[in-house]
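Read the structure below first, then the notes.
Since every read-out is calculated from the coordinates, none of them should be taken as a lab result. Since we're looking at a predicted model, the values are computed, not measured. Glycine also receives a Cβ, built like all others from the backbone with ideal geometry; neighbour counts cover every protein chain displayed.
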Amino acid sequence: MARLCGRESSALQFTLQCEKTQWRVSLYVFFKMKLDIKEARLDNGMVVLTDRMPAVRSATLGFFFRTGARHEPIELHGISHFIEHAVFKGTARRSTLDIAIEQDRLGGNLDAFTTHEEVGFAIKVIDSELPAAFDLIADMLTTPRFDQADLEAEQRVIIEEMKMIDDSPEDYLGEIFTEGFFPDHPLGRSIVGTSETVKRFDRETTRKHHAEHFTPDNLVIVAAGNIDHDAVEQLVLSSTFTWPATAERQLKLELKTPEAAAPITIKQRDDLEQAHLIIATPFVAAPDDRRYAADLLANIIGGGTSSRLFQKVREERGLAYSVGASTVMYQDCGLFSIGAAMSPEHVREVVDLSVAEMRDVVRNGVTNDELDLVKQQSISSVLLSLEDSSSRAADLAQSEMVHGRQISVDETLAGINAVTVDDCRSLADEFFKTENIAFVALGDLHSVAISRADLNGSRD
């Protein structure tokens, strides 16, 4: 369930019904927690958000740029991920080793990542080390050295990362899937790029892309934990992040919404003991009000150990160790997917069971018991995340980047609780169409053939 942060919460009442035992439980969850969220919006477009948690000794600091793999031209495919790596290779004040030592001294929890829509850097430290952590990351992001010899070494590192992806069946299948599901679109490209494009990222190319895309007007800085908003804002104002955003520098992101395809692809890999598969359809986008229903529906189908697929595929028939369903939501589109790993001789049966569950939701919907269960699961996840500064910092950033505002806990819980069985069935009816279902598999599958007819849920 995608969790969004909020400011304060009040009492929530929800009801669990159990038709099998014919009893009704009214469960009241009372909690009183005022989230002390503050924001500052600078003239150069940068956003600073804080969430104070005085009862903890941790502080999580995050820097999130509104740029990612989908914003790259084809000739620079992979450069966002490359820059994420390259900023660790030294600055005007720190060598690569200096950065590594300081990262370890601060706790060794500096995490960096690239997605199709953002690049992020986050670190969790004890509260007294927040200024040092800010200075380290700010230095890396504003004055990276981008030495040519260092960049060439990092090119080799990333090419090794590509090989690691190719050697991981689940990761490799994901690459095959996205390329087929979003053909001729940046969302269908690998985040890491290709060996050909990465080898072209010299000092000038890297520095130019960094200067044009990793800019203050494109940056959200968040801090959560035992922190003071004014102190964090002062750290920002005293840093080099405060340079003005000029018309030439400002990044204007114009998203081209992809046209999702419905490929049926079987990739042969004779060296694999297991087969891996993905069954997917288009789904709602991240800002869509139906996102709560979308996540709950995915959880009913394959989100946990009590889900339909886990019970039918693994527990009842023992066909797979790994099986589940999930959603991925971008700014302007999304997808629902089922993933599983099993012996090649079980692929056909797992496909039949998976598609049958999708069709059953279309024809018969979900039950109130199923919906109540995943609501409680999601509500628990939201509330438990409030205890962790890392989760609250991430939620600050995602709420701002997706919605342009903070979503309160009350609003999130109300959104979850408002979902009805009709909402779930409506989503299934709209998106679980035979002609829209994609199927991709990887493994020793010479004897396996899947057709469009096999994906309609009515196979004898």
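Cut-off is 10 Å between beta-carbons; in what order do SER128, SER378 appear when sorted fewest neighbours first?
SER128, SER378
Using a cut-off of 12 Å between beta-carbons, work out the net charge of the residues near PHE63 (Lys and Arg +1, Asp and Glu -1, PHE63 not included).
Values: positive: ARG66; negative: GLU84, ASP111, GLU118, ASP139.
Counting the neighbours of PHE63, the net charge comes to -3.
Just want the ordering: THR257, THR142, THR206, from fewest to most Cβ atoms lying within 10 Å of their own Cβ.
THR257, THR142, THR206
So what is the relative contact order of segment 264-455, in percent, for Cα pairs below 8 Å that sit 6 or more residues apart?
39
Ratio of alpha-carbon Rg to the 2.2 N^0.38 Å globular estimate for segment 42-242, to two decimals, please.
1.06
Which of the peptides 216-227, 35-46 is most tightly packed, and how do the rest follow, going by the mean number of other Cβ atoms within 10 Å of each residue?
216-227, 35-46
Considering Cα pairs under 8 angstrom that are at least six residues apart, work out the relative contact order of the chain and quote it in whole percent.
The normalised contact order for the chain reaches 23 percent.
To check you understand DSSP bridge types, tell me what percent of the beta bridges within segment 42-242 (both residues inside) are antiparallel, rounded to 5. Walk me through the numbers on the way to the answer.
On the way: 20 of 26 bridges.
In segment 42-242, DSSP labels about 75 percent of beta bridges as antiparallel.
Nearest 10 degrees, 0 to 90: what angle lies between the long axis of helix 169-181 and the longest principal axis of the chain (Cα atoms)?
On a 0 to 90 degree scale, this one is about 90.
How much net charge surrounds ARG52 when only other residues with a Cβ under 9 Å from its Cβ are counted (Lys, Arg +1; Asp, Glu -1)?
Every neighbour counted, the sum reads -2.
Between segment 320-343 and segment 387-460, what is the C-alpha centre distance in whole Å?
A separation of 8 Å, based on Cα centres.
For ASP36, which sequence-distant residues (separation of 5 or more, or a different chain) have an amide H within less than 5 Å of its own amide H, given hydrogens modelled in the peptide plane?
It is ARG52, by chain and number.
Which entries in the list LYS89/LYS208; LYS163/LYS267; LYS124/LYS163; LYS124/LYS199; LYS89/LYS199 go over 22 Å, if you measure between the two C-alpha atoms of each? Before the final figure, lay out each step's value.
Working: LYS89/LYS208 17 Å; LYS163/LYS267 17 Å; LYS124/LYS163 30 Å; LYS124/LYS199 33 Å; LYS89/LYS199 17 Å.
The answer is LYS124/LYS163; LYS124/LYS199.
Of the chain, which part is the longest with no chymotrypsin sites (Phe, Trp or Tyr not before Pro) in a loop (DSSP not H, G, I, E, B) and with at most 12 other C-beta atoms within 10 angstrom?
On the way: sites that count: PHE30, PHE31.
Looking at the chain, 32-460 is the longest stretch - no exposed chymotrypsin sites (Phe, Trp or Tyr not before Pro) with at most 12 other Cβ atoms within 10 Å.
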